[in-house]
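Coordinate-derived values only; no laboratory data. Bear in mind the structure is a predicted one, so any value in this text is a computation, not a measurement. With ideal geometry, Cβ positions are generated from the backbone for all residues, glycine too; neighbour counts draw on all protein chains shown.
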Amino acid sequence: MSASPLPAADAHHRLNLLLESTGEGIFGIDLAGCCTFVNRAAALMLGWRTEEVGGRNMHALIHHAHPDGSHYPESECPISTWSTFLCRAAPAWRTAARPRSRLR
């Protein structure tokens, strides 16, 4: 017996429940580097509300500078160049303009 596919609204609801059930910060980006989804844990880690992050360019929002404050070109950013990106290895910036070196 095969299961029939879920309607899009049900699938979206289940995905949202899964994202919100974890304490890990999770976000997704499109090909332009703009946030397509973000869970509450990620938004809190970064000092934003979830509705403030959606649609924004994630490099410009959280990865625009090196830990010393010097400019981090988007062309070198692993978020923007689709390189393997591990949050714990690269600093992200919170709304208070101070780097958060390890997102947990």
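A few remarks follow.
- Between L15 and R40, the modelled labels are 2.0 nm apart [label points 7 Å from Cα along Cα→Cβ].
- For the range 59-81 versus the range 7-31, the gap between their alpha-carbon centres in whole angstrom: 25
- Placing pseudo-labels 7 Å out from each Cα toward the beta carbon at A8 and A32 gives an inter-label distance of 1.9 nm.
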